Amino acid sequence: MSAGREAEAYVRPGDVEQLMADHLMATVNPANVWLHVVDRPLARPAPIGLVIADLADHDRAREDARVEELLRVAGR
């Protein structure tokens, strides 16, 4: 989750359209809401590998630093 102006969520494929309509979302670039569509229920908290991969998708310094930190912790 990014600070302040952005949000991320994991959603089921069947929920995307209604979620976007309910919250007046549109597909735009750059996005301030990231919906990760997953076809199965996720454990809570989300699996660390999935979190790392999603952070790496952002390709920004803050997220890249967190990816490196999480990889070090996960490798212990």
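What follows draws every value from the coordinates through simple rules; no lab data is involved. These numbers were taken from a predicted model, which means no experiment stands behind them. Please note: Cβ atoms are built from the backbone with ideal geometry, for glycine as well, and neighbour counts cover all protein chains shown.
Structure above, values below:
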item: Note, ³J(HN,Hα) from phi for the stretch 55-60, Karplus 6.51, -1.76, 1.60, rounded to Hz, x at Gly and Pro; result: 5, 5, 4, 5, 6, 10
item: Crossing angle, helix 61-74 versus the chain [Cα axis fit, 0-90 degrees, rounded to tens]; result: 60
item: Under the Karplus curve 6.51 cos²θ - 1.76 cosθ + 1.60, θ = phi - 60°, whole-Hz ³J(HN,Hα) for the stretch 28-41, x wherever Gly or Pro sits; result: 9, 9, x, 8, 10, 10, 10, 9, 9, 8, 10, 9, 8, x
item: Trp34 long-range amide H proximity, modeled H, under 5 Å; result: Ala7, Glu8, Ala9
item: Within the chain: Cβ-based charge dipole about Cα centre, in debye rounded to nearest 20 (Lys, Arg +1; Asp, Glu -1); result: 300
item: Distance histogram for the chain (every C-alpha pair counted, 10 angstrom bins, percent rounded to whole numbers); result: 16, 46, 32, 7, 0
item: Within the stretch 1-40: Cβ-based charge dipole about Cα centre, in debye rounded to nearest 20 (Lys, Arg +1; Asp, Glu -1); result: 80
item: For the stretch 1-40, diffusion coefficient by Stokes-Einstein and Kirkwood Rh (Cα), 4 °C, 1.567 mPa s, µm²/s; result: 120
